[in-house]
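*Asks:* This is the structure I have questions about; it appears just below.
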Amino acid sequence: MDNISRKDRHLPYHYDDPKLMGKQQAYLELLYQYNMTRPSQNDQRQRLLKQMLAGIGENCHIEPPLHANWGAHHLHLGSGCYVNFNLKLVDDADIYIGNDCMISPNVVMATSGHPILPELRMNNYEYNFPITIGNNVWIGSGTQILPGVSIGDNTVIGAGSVVDKNIPANVVAYGTPCKVARSIGQHDRDYYFKSHRLDVWK
């Protein structure tokens, strides 16, 4: 089985296979262009995002700089998403982000890893598993999301978390490793931040 097939099946493969590298440099050139745009060049940014990403919905904004080893070529972004500064993607596999998501600064999403066995690492093996983030998710600043993780709709991930396992929908979760702290419910209808009472939706 060749390395392309092994990669597609999430098996350990040689990441330095020239046939696998494909158009990676061209994708990185587009990413470089995107990161060099001026704040006033929103139309150009939108055109570049449509070229760069695997898919993008309407009304999305990604603040440069964006870092991605495949130029965000495997990023699928829904509609109405806002991505703050310095998102880092290890996008060897697909990353799916739903609609109306907010990604805070300095978030890392890594789809790839390297085997623990030293001999495999010495021979340039790695593996990849996709990341899936649902609709209306807020990822706090400095969060790291690891290979194969899924996060359910409406969930909030607290700043600085390391998400190494699936997180369900409609919860607040945080920590290292990230764990569910509580469900989203009546408290969040009464208070928007700590003891600050909500004055809308009444």
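*Asks:* Pull up the stretch 167-202, narrow it to residues that are free of Cβ contacts under 8 Å to residues at least 24 places away in the same chain and closer than 17 Å to C101 by Cα, then point me to the one that is surrounded by the most Cβ atoms within 10 Å (Cβ to Cβ).
*Replies:* I167
*Asks:* If you don't mind, there's one more thing I want to ask. For the stretch 36-59, which positions are acidic (D, E) and either more than 24 Å from N136 (Cβ to Cβ) or without any contact (Cβ under 8 Å) to a residue 12 or more places away in the chain (or both)?
*Replies:* Scanning the stretch 36-59 gives a single hit, D43.
*Asks:* Then there is this: Here are G71, G80: which of them is in contact with an Asp or Glu (Cβ under 6 Å, 6 or more places away or on another chain), at positive phi and either touching a residue at least 60 places away in the same chain (Cβ under 8 Å) or surrounded by 17 or more Cβ atoms within 10 Å (Cβ to Cβ) (or both)? Write out each step before concluding.
*Replies:* Details: G71 fails: in contact with an Asp or Glu (Cβ under 6 Å, 6 or more places away or on another chain).
Exactly one of G71, G80 is in contact with an Asp or Glu (Cβ under 6 Å, 6 or more places away or on another chain), at positive phi and either touching a residue at least 60 places away in the same chain (Cβ under 8 Å) or surrounded by 17 or more Cβ atoms within 10 Å (Cβ to Cβ) (or both), namely G80.
*Asks:* Testing M109 on (1) over 18 Å from G142 (Cα atoms); (2) outside any loop (DSSP other than H, G, I, E, B); (3) touching an Asp or Glu at 6+ places or on another chain (Cβ under 8 Å), one condition comes back false. Which one is that?
*Replies:* Of everything listed in (1) over 18 Å from G142 (Cα atoms); (2) outside any loop (DSSP other than H, G, I, E, B); (3) touching an Asp or Glu at 6+ places or on another chain (Cβ under 8 Å), M109 misses just condition (1).
*Asks:* Of all residues being crowded, with 18+ Cβ neighbours inside 10 Å and free of Cβ contacts under 8 Å to residues at least 40 places away in the same chain in the stretch 87-96, which is nearest to S5 (Cα to Cα)? Just the residue, please.
*Replies:* Among those residues, the one meeting the criterion is D91.
*Asks:* What is the residue count in the stretch 5-36 for residues that are over 23 Å from H67 (Cβ atoms) and touching a Gly at 6+ places or on another chain (Cβ under 9 Å)?
*Replies:* 1
*Asks:* List, please: which pairs have Cβ atoms under 8 Å, are six or more places apart or on different chains, and start with a residue in the stretch 123-152 that is within 13 Å of A169 (Cβ to Cβ) and end with one that is acidic (D, E)?
*Replies:* Hits for this filter: G134/D153; N135/D100; N135/D153; N136/D100; N136/D153; V137/D153.
*Asks:* Keeping to the stretch 170-188, report how many residues are touching a strand residue (DSSP E or B) at 6+ places or on another chain (Cβ under 8 Å), more than 11 Å from A159 (Cα to Cα) and not β-branched (V, I, T).
*Replies:* Residues meeting the conditions: 6.
*Asks:* While we're here: Just one of (1) surrounded by 19 or more Cβ atoms within 10 Å (Cβ to Cβ); (2) touching a Cys at 6+ places or on another chain (Cβ under 9 Å) trips up N128, so point out which.
*Replies:* (2)
No value in this document is a laboratory result; all are computed from the given coordinates. Keep in mind that what you see is a predicted model, and the values were worked out from it rather than measured. All Cβ positions, even for glycine, are placed from backbone atoms using ideal geometry, and neighbour counts span all protein chains on display.
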